[in-house]
């Protein structure tokens, strides 16, 4: 059985399987039912690993073990596998969420916070910086910044960026507004994001930015996150941002933004 490496790679990412698992699984799909020995030969997976791999696939809901001798394994319809994987992910996510929620009042979190508080005292302000790769990582960090905001949030983004931020950050925007934080968002407003821009007005002042191309977030005139790539030209996984805690630079950028803000029109 010949399956292209590119296809196997896609399956690994989609279903979160290792290379041996996707090889054995696709081999079984091509046969419908088969023994471990046959699957080892077809998939080119060592016989010593095949039983472990089949046991793992069975636990994950990809295959079924058929009773009898010799032991055979039966493939499940791919559509059913997708549904099982979705359900398993949801159950796993709920369990992990519960464990993390329990940490809020736990001594483990107190000890971790104590370590961080003590450690941060020895950090120079100029060292509080870092780069983040991947849009999800960027948004996770921005979300943290929003939740820590006390006075102001300034966001400059793109036409598509304002839609993404509405979807990913709206709960944090709402909480920030309840705390009395002033939120300003500037982006090119067009027919593709007009509706989102109007909905964001419930929590922020939104203005149309036509002449400037930029992507950055300033929090309390002291923390800055700026993205270094054009979001229209690069895949989200390769998006890159730089975070820095610097009152001098953040305040200077915000003051420059204030001049442009006055020229922008409210949509």
Residue selected from the stretch 239-267 under the condition in contact with a helix residue (DSSP H, G or I) (Cβ under 9 Å, 6 or more places away or on another chain) and at pLDDT 90 or above, by the criterion surrounded by the fewest Cβ atoms within 10 Å (Cβ to Cβ): 240
Subset tally (residues that are loosely packed, with under 13 Cβ neighbours inside 10 Å and without any contact (Cβ under 8 Å) to a residue 40 or more places away in the chain) for the stretch 212-228: 1
Residue tally, condition under 16 Å from the mean Cα position of the chain (by Cα) and farther than 17 Å from residue 194 by Cβ, over the stretch 146-169: 2
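The values are calculated or read from the model by the stated rules, or taken from the named source; none is laboratory data. Keep in mind the model is a prediction, meaning the values are calculated, not measured. Every residue, glycine among them, receives a Cβ derived from its backbone with ideal geometry; neighbour counts consider all protein chains shown.
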